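> Structure in structure tokens, see below.
The values are calculated or read from the model by the stated rules, or taken from the named source; none is laboratory data. Here the structure is a predicted model, which is why all the values come from computation and not from measurement. With ideal geometry, Cβ positions are generated from the backbone for all residues, glycine too; neighbour counts draw on all protein chains shown. SASA here: full protein model, heavy atoms, side chains in, ligands and nucleic acids out. Shrake-Rupley method; radii C 1.70, N 1.55, O 1.52, S 1.80 Å.
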Amino acid sequence: MFAIKVLIFKIWQFLLFWGQKVLIFRTPQMFTGPGSSLLLCEHIAKTGVKKILIVTDGMLVKLGLLKPMQDKLQQLGVSYIVYDGVMPNPTIEQIETGLTMLKKEGCKAILAIGGGSSIDAAKVIAARARNPHPITWMAGLMRVIVPPLTLYAVPTTAGTGSEVTIAAVVSDPSTTRKFAIMDTALVPKAAALDGALMTGLPANITAATGMDALTHAVEAYLSRNCTAKTDQEALDAVKLIMDNLTEAVKNGKNVEARQNMAQASFKAGIAFTIAGVGYVHAIAHNFGAYYHVPHGLANAIILPRVLDFSKPNCIPRLARLAEVSGLKKGGESEAKLADAFIAKVRAMNADYGIPTQVDKLKESDIPAITLKAQSETFWFYAVPRYMDNPTCENFIRQMLPQTA
């Protein structure tokens, strides 16, 4: 039965692959480099918009990270209202609160400043501003019927790539569900990759978000729905991450490393928008929904285990990832290179202090997490190797906290 199920979903994934050929995957107008966030402010002013909603989180406001952009917007005659109620794994309630503020203040565009949670929340606020449908109704593929309100983005972490993706991930605590809204209309109109904004990011967040970007690139490269374009973007992203993430973690003030990581995150975002991701994300989404584990951290914990499981079906591709990571010394077999890449990912996690278990994971939750992760994977992701439910349960069980 499992073999028949896999065959059916492979056919479904094949149809999705050819279906996305007719979609136009727009990329935002990009402003890149230290100080580019201020250039984006100038661009916003030139569009004629007079009042915008800034969507962000409270910590960035406290750190004063928004002030240069706020001052620039004021100087250019653009007024703004700040909604800083976004938390990690943004919820329906947080998004609706932002929407209420937008409507009350009469804002005509949205500027998202922050990590993936802020940008994702802003995407859905923009969609809800123009669409009467509930957020849960928009879950899935291409269900944003009316084009969203104009959206701009300034990522302050180098991880999610949300500034270029068609997806926004939302949590629904009432049902312990985390779901994605995926529509080409959600891509921001313009974005800034300003590495200078990331120099104050703590080492642990730098590491987790960097591993998030690596996961995007790797899962896109291993996807059966990859293309020549996604392969190149994914490989470029992996090389940039391998060359710059450790430096960004250990020397956060290195603007060049920060800028390269921002570029890597962007490229990985392009790759997985088209090719998709896989089991790492399917399981990580549930760790976020059940236990509020930050998404990048969850991805990092899960990634090497998924690579171990997938390896028999993608050795040549893992070997290529090892090559661009600088692990090929000469004469190694593809199998050896594949092992070397997986070992490198594990070593990076260890160096960055990323755990191997999920402290809050409960045995009693594993069957439900399995069903949700399996459903997400089979319907949306063209992974190199599928698990049956018992295998998936045992896989997740490996991440239970160790008892003394």
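> Where a ≥ b ≥ c are the square roots of the eigenvalues of the C-alpha gyration tensor, would you call region 214-253 rounded, which needs a/c under 1.5, or, failing that, prolate if a/b is larger than b/c, or oblate? Could the numbers behind the result be given before it?
Working: a/c = 4.65, a/b = 2.78, b/c = 1.67.
Prolate, because a/c is 1.5 or more and a/b exceeds b/c.
> For the chain, with every protein chain kept in place, what is the accessible area per residue (1.4 Å probe, Å²)? Please list the in-between numbers first.
Values: 16430 Å² over 404 residues.
Accessible area per residue: 41 Å².
> Can you give me the Rg/Rh ratio for region 153-288, using Cα atoms for both radii and the Kirkwood formula for Rh? Can you show the working numbers first?
Working: Rg = 14.5 Å, Rh = 14.9 Å.
A ratio of 0.97.
> Between 327, 63, 102, which gets the highest mean-square fluctuation from a Gaussian network model of the chain, Cα cutoff 10 Å?
Highest fluctuation of the listed residues: 63.
> Relative to 2.2 N^0.38 Å, what does the C-alpha radius of gyration of region 307-374 come to as a ratio? Two decimals please. Don't skip to the answer; put the middle values down first.
Details: Rg = 15.6 Å, N = 68, 2.2 N^0.38 = 10.9 Å.
After normalising by residue count via 2.2 N^0.38 Å, the value is 1.43.
> Between Rg and the Kirkwood Rh of region 156-225, both from Cα atoms, what is the Rg to Rh ratio?
Answer for region 156-225: 1.01.
> Using a cut-off of 15 Å between beta-carbons, work out the net charge of the residues near residue 103 (Lys and Arg +1, Asp and Glu -1, residue 103 not included). Working shown, then result.
On the way: positive: 51, 104, 108, 128, 130; negative: 96, 105.
Counting the neighbours of residue 103, the net charge comes to +3.
> Something else now. Please name which of 338, 309, 293 has its Cα lying farthest along the dipole of region 280-359 towards the positive end, using unit charges on Cβ (Lys, Arg +1; Asp, Glu -1) and the Cα centre as origin.
338
> Hey, if you put +1 on the Cβ of every Lys and Arg and -1 on every Asp and Glu Cβ in the chain, which of 205, 215, 146 ends up farthest toward the positive end of that dipole?
146
> Between region 328-348 and region 103-143, what's the alpha-carbon centroid distance in Å?
Result: 42 Å between the Cα centres.
> In addition: Given 0.36 nm per residue, what is the gain on full extension from residue 204 to residue 63 after removing their alpha carbon distance, in nm? Walk me through the intermediate numbers first.
Details: separation 141, 0.36 × 141 = 50.76 nm, distance 1.72 nm.
Answer, rounded to one decimal: 49.0 nm.
> Counting only helical runs of four or more DSSP H residues, what would the 222 nm mean residue ellipticity of the chain come to if each run contributes -39,500 (n - 2.57) and the total is spread over all its residues? Spell out each step's value before the answer.
On the way: 15 runs with 218 residues, N = 404.
When only DSSP H runs of four or more count, the value is -17500 deg cm²/dmol.
> Compute the Kirkwood hydrodynamic radius of region 221-295, taking the inverse of the mean of 1/r over all pairs of distinct Cα atoms, and give it in Å to one decimal. If you can, show how the numbers build up before the last one.
Numbers: mean 1/r = 0.0740 Å⁻¹.
Result for region 221-295, one decimal place: 13.5 Å.
> Please identify every one of the trypsin sites (Lys or Arg not before Pro) in region 319-397 that sits in a loop by DSSP and has no more than 14 other beta carbons within 10 Å of its own beta carbon.
Values: sites: 320, 328, 329, 336, 344, 346, 360, 362, 372, 385, 397; in loops: 328, 329, 360, 362, 385.
Passing sites in region 319-397 are 329, 360, 362.
> Using +1 at the C-beta of Lys and Arg and -1 at the C-beta of Asp and Glu, which of 28, 156, 85 has the Cα lying farthest in the positive direction of the dipole of the chain?
28
> Another one. Given region 66-173 reduced to its alpha-carbon atoms as identical point scatterers, what log10 I(q)/I(0) does the Debye formula return at q = 0.13, 0.20, 0.22, 0.24 Å⁻¹?
Results for region 66-173 at q = 0.13, 0.20, 0.22, 0.24 Å⁻¹ read -0.45, -1.08, -1.30, -1.52.
> Per residue of region 71-83, what does 6.51 cos²θ - 1.76 cosθ + 1.60 with θ = phi - 60° give for ³J(HN,Hα)? Whole Hz please, x for Gly and Pro, Karplus curve as stated.
After applying 6.51 cos²θ - 1.76 cosθ + 1.60, I find 4, 5, 4, 4, 4, 8, x, 10, 7, 8, 10, 9, 10 Hz.
> Next question, about the same structure. Considering only the other residues whose Cβ falls under 15 Å of the Cβ of residue 74, what net charge follows from Lys and Arg at +1 and Asp and Glu at -1? Please report the intermediate quantities before stating the final value.
Details: positive: 50, 51, 67, 72; negative: 42, 71.
Surrounding charge for residue 74 is +2.
> Right, next: Once region 252-334 is represented by equal point scatterers at the alpha-carbon sites, with solvent omitted, what log10 I(q)/I(0) does the Debye formula produce at q = 0.25, 0.26 Å⁻¹?
With one equal scatterer per Cα and no solvent, log10 I(q)/I(0) is -1.24, -1.24.
> What is the mean projected area of the alpha carbon convex hull for region 22-124, to one decimal in square nanometres? Mind dumping the intermediate values first?
On the way: hull surface 30.2 nm².
The Cα convex hull of region 22-124, projected and averaged over all directions, gives 7.5 nm².
> Another question, if that's okay. If I compute solvent accessible area with a 1.4 Å probe over the protein chains, what percent of it on the chain is carbon and sulfur? Please list the in-between numbers first.
Values: 9560 of 16430 Å².
For the chain, the apolar C and S fraction of the accessible surface comes to 58 percent.
> In region 48-99, if every C-alpha pair distance is counted and binned at 10 Å from zero, what percent goes to each bin?
24, 47, 27, 3
> Please report the antiparallel percentage of DSSP beta bridges with both residues in the chain, rounded to the nearest 5. Display every interim value, and only then the final one.
Values: 7 of 30 bridges.
Once the DSSP bridges in the chain are tallied, antiparallel ones form about 25 percent.
> With the chain treated as a Gaussian network of Cα nodes joined by springs under 10 Å, which of 37, 174, 118 yields the largest mean-square fluctuation?
The residue that fluctuates most here is 174.
> Give the long-range amide H neighbours of residue 149: residues separated by 5 or more places, or on another chain, with amide H under 5 Å away, using H modelled in the peptide plane at 1.01 Å from N.
127, 129, 130
> Suppose R0 equals 41 Å. What FRET efficiency, 1/(1 + (r/R0)^6) with r the Cβ-Cβ distance, do residue 335 and residue 100 give to the nearest 0.05? Display every interim value, and only then the final one.
Working: r = 56 Å, r/R0 = 1.37.
Efficiency for this residue pair is about 0.15.
> Determine the dipole magnitude for the chain: charges of +1 sit on the beta-carbon of Lys and Arg, -1 on that of Asp and Glu, nothing else is charged, the reference point is the Cα centre, and the result goes in debye to the nearest 20. Present the calculation step by step, with values, prior to reporting the outcome.
Values: 41 positive and 32 negative charges, 137 e Å.
It works out to roughly 660 debye.
> What size of dipole, in debye to the nearest 20, comes out for region 229-319 about its Cα centre when the only charges are +1 on Lys and Arg C-beta atoms and -1 on Asp and Glu C-beta atoms? Mind dumping the intermediate values first?
Numbers: 9 positive and 7 negative charges, 19 e Å.
So the dipole magnitude of region 229-319 works out to roughly 80 debye.
> Going by average Cβ neighbours within 10 Å, how do the peptides 209-218, 186-195 rank, with the highest at the top? Kindly include the intermediate steps, with their values, before the conclusion.
Values: 209-218: 29.5, 186-195: 24.2.
The packing order, highest mean first, is 209-218, 186-195.
> With 10 Å bins from zero, work out the P(r) of the chain over every alpha carbon pair and list the percent per bin.
5, 24, 34, 26, 10, 2, 0
> Let me ask another. Based on alpha-carbon positions alone, could you give the equivalent ellipsoid semi-axes of region 286-404 from the gyration tensor, as √(5λ), descending, whole Å? Write down the numbers at each step before the final one.
Details: eigenvalues 149, 63, 27 Å².
Output for region 286-404: semi-axes of 27, 18, 12 Å.
> Enter the angle in degrees (range 0 to 90, nearest 10) between the Cα long axis of helix 334-351 and the first principal axis of the Cα atoms of the chain, meaning the one along which they spread out most.
50 degrees
> Now a separate question. Residue 365 versus residue 29, label points 7 Å from Cα toward the beta carbon: distance in nm?
4.4 nm
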